[in-house]
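Report on the following structure.
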Amino acid sequence: MNAFNYRERQLYAEDCKVSDIVAEVGTPLYIYSRETLERHFRVFDQALNGLEHIICFSVKSNSNLAVLRLFANLGGGADIVSGGELFRCLKAGMDPGRIVFSGVGKTTDEIRYALASGILMFNVESEMELDRIQEVASAMGKVAPISFRVNPDINPKTHPYISTGLKKNKFGVEVDRAVALYKKAARMNAIRILGIDCHIGSQLTTLSPFEETVLKLREIVEELQEEGIPIRWIDLGGGLGITYRDEAPPSPEAYADTVRRAASGMTQGFIFEPGRVMAGNAGILVTRVLYVKRGPVKTFIIVDAGMNDMVRPSLYDAYQEIRPVVETDRKIMADVVGPICESGDFLAKEREVPDAEPGDLLSVMSAGAYGFTMASNYNSRPRPAEVLVNGNEFFVIRARETFEDLVRGERIPPWLS
């Protein structure tokens, strides 16, 4: 469900005509729907009724301050993977006691910053990281709350780049070593064991991997309890998929029912880290057609948004639906490509897409997650603006970058004068 629909052949974001937003803000442009973001959060939250839980939004999927504030206002927390994401969450007014810090490469400065900020816990991903956290916390006179991210070697049946729970992946500690590491942590004077964590991948469309994950974590939790190591929180990560094309992912209700069954009788609270399922279909990327190039083999629709603005198609060969902003019945077989100087710069390949002429607007759907957050300045291109729609009004929540922004912070040494 989302709030991007046609009325009299014009695409609307909630009650705002997309072409009117573009007339004021320009393209390329990310547009998010407040209504959709809030509905997705509430549906997920209500599905978990009866389970003590915290919803920690995955900040890497969409890190705009306005989006983070929206989820904070709904009682949500955050799953972060960098000091920069922690800064964003605090700037947005997020309760640090509802923030979990994941990621395999936490630096000393990031650990110090998180401890000083009072986050809920670190999801520890290696023995060396545990030692570093102990060292930093001890030097600060603090006790660091931690969980271990356990790698359960479960195949999530998703794209290999977004699979994170297999032995060959870099994330987490091996199941066989988990109990021994918990015992080591229990002996450390600057460590407080708070939970256990697992995240097996992203864009999952079946429930069986989630069930397997809960059952494996349950075994470890029960073994830890026998060793006198209680666990307060079970962090199940995120990963629930969305519909980009013809996928039929489970509903939040079905997901929650699976967790309830697998965790029946357990007394711990649960942490969930949804990202894509919250924001993915709550956003679009609008782009303007620059040229149409009809060749002997292919037709190319050249637009002003490139792989620097939306990298998923190039990086993952991901499908993003392309819709016209002004509805048309005319279709052609074409590649929709951007201005980046790379053959891998495309938004759609060999696809039936709306026939378009220079000046027409196209909408790249399901762009609210892993869209702007993965954008870059490649080819020295300013990043797009971002807009949040609220009913019949909209607000620019990130201004379009300028050429001056591209060189901000760069300096020419005096000996090159």
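The values are calculated or read from the model by the stated rules, or taken from the named source; none is laboratory data. Computed from a predicted model, the values in this text were never measured in an experiment. All Cβ positions, even for glycine, are placed from backbone atoms using ideal geometry, and neighbour counts span all protein chains on display.
What's the number of the condition residue 384 fails, among (1) buried (at least 18 other Cβ atoms within 10 Å of the Cβ); (2) outside the structural domain of residue 12 (by TED's automatic domain parsing)?
For residue 384, the failing item is (2).
Any residue at all in segment 228-239 that is of a type in the set (A, V, I, L, M, F, W, C), outside any helix (DSSP H, G or I) and within 26 Å of residue 388 (Cα to Cα)?
No; the residues of segment 228-239 include none that is of a type in the set (A, V, I, L, M, F, W, C), outside any helix (DSSP H, G or I) and within 26 Å of residue 388 (Cα to Cα).
Of the residues in segment 195-235, how many are within 24 Å of residue 254 (Cβ to Cβ), surrounded by 15 or more Cβ atoms within 10 Å (Cβ to Cβ) and of a type in the set (Val, Ile, Thr)?
7
Hey, among the residues in segment 291-318 that are in a loop (DSSP other than H, G, I, E, B) and at pLDDT below 95, which one's surrounded by the most Cβ atoms within 10 Å (Cβ to Cβ)?
318
Only one of 206, 258 is part of a loop (DSSP other than H, G, I, E, B) and of a type in the set (S, T, N, Q). Can you tell me which?
206
Step by step: first the residues of segment 127-152, then only those that are within 25 Å of the chain's Cα centre (by Cα) and in a strand (DSSP E or B), then the one that is surrounded by the fewest Cβ atoms within 10 Å (Cβ to Cβ). Which residue is that?
The residue in question is 145.
Pick from 210, 171: which is aromatic (Phe, Trp, Tyr) and at pLDDT 85 or above?
Going through 210, 171 in turn, the sole match is 210.
How many of the residues in segment 326-345 are under 20 Å from residue 381 (Cα atoms), buried (at least 22 other Cβ atoms within 10 Å of the Cβ) and of a type in the set (A, V, I, L, M, F, W, C)?
Adding up the residues that qualify gives 2.
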